[in-house]
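**Student:** Take this structure, written in structure tokens, and hold onto it; I'll ask about it next.
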Amino acid sequence: MRDWLNETLPFLIEAFASDFGGHDVEHTLRVYRLAMAIWEKEGGDGETIALAALLHDVDDYKLTGGPMGDTSRAEAFMAEHGVSLDKIKTVTKIIAEISFKSRGTVTPATLEGKIVQDADRLDAIGAVGIARTFAYGGSKGRPLYIRGESYALDMTAEEYAKHEGSSVGHFYEKLLKLKGLMNTETAKQLAAARHQFMEDFLAELSAECFL
């Protein structure tokens, strides 16, 4: 298998150079490492998993301002690096399917897609998930919490993309749901401790903020 980590790294560093909201190059590298660790236990096509993990955020509408589901930058990168058309289609389908979109969330059809989705979800929970949530909220000018906030727990994909709540609200609207949405047994095991860490954090935050 080609060393896609080193081949994509300059492109990824440039793509995420201006992001300070939790979708930086380090997020992508963590997702890649998690995906490859799950692949070692669960199997599948390693090259497809590597490419999808490394390129999964380069077209993210939250970063680019482009349309939801766009994969043009990922497609262009793979084409320029000699990836076959069939594999490009497979990878871009995975990228288009992995994001959490509340009621619009889908389960990828392939094992490779399930693994990359699990890896992305694992990096959204636990200690790093907490850090990323508040980094993203701060970058978007969102409040830490809103006293008495009503959480939007069942949004369409379009509603979810436009929703603006508090950072604490994001835990209830997305992050606390992710443990139950993991696809692979390996990810389910990894998610358990991360989920409990978030529960403990929210309990402590609630006590300190008199919520």
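**Student:** Would you be able to tell me the number of residues in the stretch 137-153 that are more than 17 Å from the chain's Cα centre (by Cα) and either aromatic (Phe, Trp, Tyr) or open to solvent by less than 50 Å² (accessible area, probe 1.4 Å) (or both)?
**Tutor:** 4
**Student:** In the set ALA119, ALA109, which member is closer than 22 Å to GLY46 by Cα and free of Cβ contacts under 8 Å to residues at least 24 places away in the same chain? Let's see the steps before the verdict.
**Tutor:** Details: ALA119 fails: free of Cβ contacts under 8 Å to residues at least 24 places away in the same chain.
Exactly one of ALA119, ALA109 is closer than 22 Å to GLY46 by Cα and free of Cβ contacts under 8 Å to residues at least 24 places away in the same chain, namely ALA109.
**Student:** Considering every residue within the stretch 57-68, establish whether at least one is under 17 Å from ILE115 (Cβ atoms), open to solvent by 20 Å² or more (accessible area, probe 1.4 Å) and either free of Cβ contacts under 8 Å to residues at least 24 places away in the same chain or in a loop (DSSP other than H, G, I, E, B) (or both).
**Tutor:** no
**Student:** Could you say whether any residue in the stretch 101-111 is among the β-branched types (Val, Ile, Thr), within 26 Å of VAL58 (Cα to Cα), at pLDDT 95 or above and buried (at least 18 other Cβ atoms within 10 Å of the Cβ)?
**Tutor:** Within the stretch 101-111, not a single residue is among the β-branched types (Val, Ile, Thr), within 26 Å of VAL58 (Cα to Cα), at pLDDT 95 or above and buried (at least 18 other Cβ atoms within 10 Å of the Cβ).
**Student:** Now, a different point. So which residues in the stretch 178-193 are among the aliphatic types (A, V, I, L, M) and either surrounded by fewer than 16 Cβ atoms within 10 Å (Cβ to Cβ) or free of Cβ contacts under 8 Å to residues at least 24 places away in the same chain (or both), if there are any at all?
**Tutor:** ALA192, ALA193
**Student:** Kindly indicate the residue of the stretch 3-32 that is more than 13 Å from the chain's Cα centre (by Cα) and either open to solvent by less than 40 Å² (accessible area, probe 1.4 Å) or within 24 Å of THR186 (Cβ to Cβ) (or both) and also modelled with the lowest pLDDT among those meeting that condition.
**Tutor:** Restricting to residues being more than 13 Å from the chain's Cα centre (by Cα) and either open to solvent by less than 40 Å² (accessible area, probe 1.4 Å) or within 24 Å of THR186 (Cβ to Cβ) (or both), the top hit is ASP19.
**Student:** From the list PHE134, PHE197, which residue is open to solvent by 30 Å² or more (accessible area, probe 1.4 Å), in contact with a helix residue (DSSP H, G or I) (Cβ under 6 Å, 6 or more places away or on another chain) and in contact (Cβ under 8 Å) with a residue 40 or more places away in the chain?
**Tutor:** Exactly one residue qualifies, and that residue is PHE197.
**Student:** Regarding the stretch 166-177, can at least one residue be identified that is crowded, with 20+ Cβ neighbours inside 10 Å, in contact (Cβ under 8 Å) with a residue 12 or more places away in the chain and among the β-branched types (Val, Ile, Thr)?
**Tutor:** Yes, the stretch 166-177 contains at least one residue that is crowded, with 20+ Cβ neighbours inside 10 Å, in contact (Cβ under 8 Å) with a residue 12 or more places away in the chain and among the β-branched types (Val, Ile, Thr).
**Student:** Which residue out of ALA157, ALA119 is among the small types (Gly, Ala, Ser), in contact with a helix residue (DSSP H, G or I) (Cβ under 7 Å, 6 or more places away or on another chain), farther than 24 Å from GLU26 by Cα and open to solvent by less than 60 Å² (accessible area, probe 1.4 Å)?
**Tutor:** Result of the check over ALA157, ALA119: ALA157.
**Student:** Scan the stretch 34-56 for residues that are of a type outside the set (A, V, I, L, M, F, W, C) and either within 20 Å of THR105 (Cα to Cα) or in contact (Cβ under 8 Å) with a residue 12 or more places away in the chain (or both) and jot them down.
**Tutor:** The answer is LYS41, GLU42, GLY43, GLY44, ASP45, GLY46, GLU47, THR48, HIS56.
**Student:** Between residues in the stretch 1-28 that are within 15 Å of GLU47 (Cα to Cα) and residues that are charged (D, E, K, R), which pairs lie under 6 Å by C-beta distance while being six or more apart or on different chains?
**Tutor:** Listed by first residue and then by second, the contacts come to MET1/GLU47.
The values are calculated or read from the model by the stated rules, or taken from the named source; none is laboratory data. Every value quoted in this text rests on a predicted model; they were computed, and no experiment measured them. Because the Cβ atoms are built from the backbone with ideal geometry, glycine has one as well, and the counts that use them run over all protein chains shown. All accessible areas refer to the heavy atoms of the entire protein, side chains included, with ligands and DNA or RNA removed. Shrake-Rupley method; radii C 1.70, N 1.55, O 1.52, S 1.80 Å.
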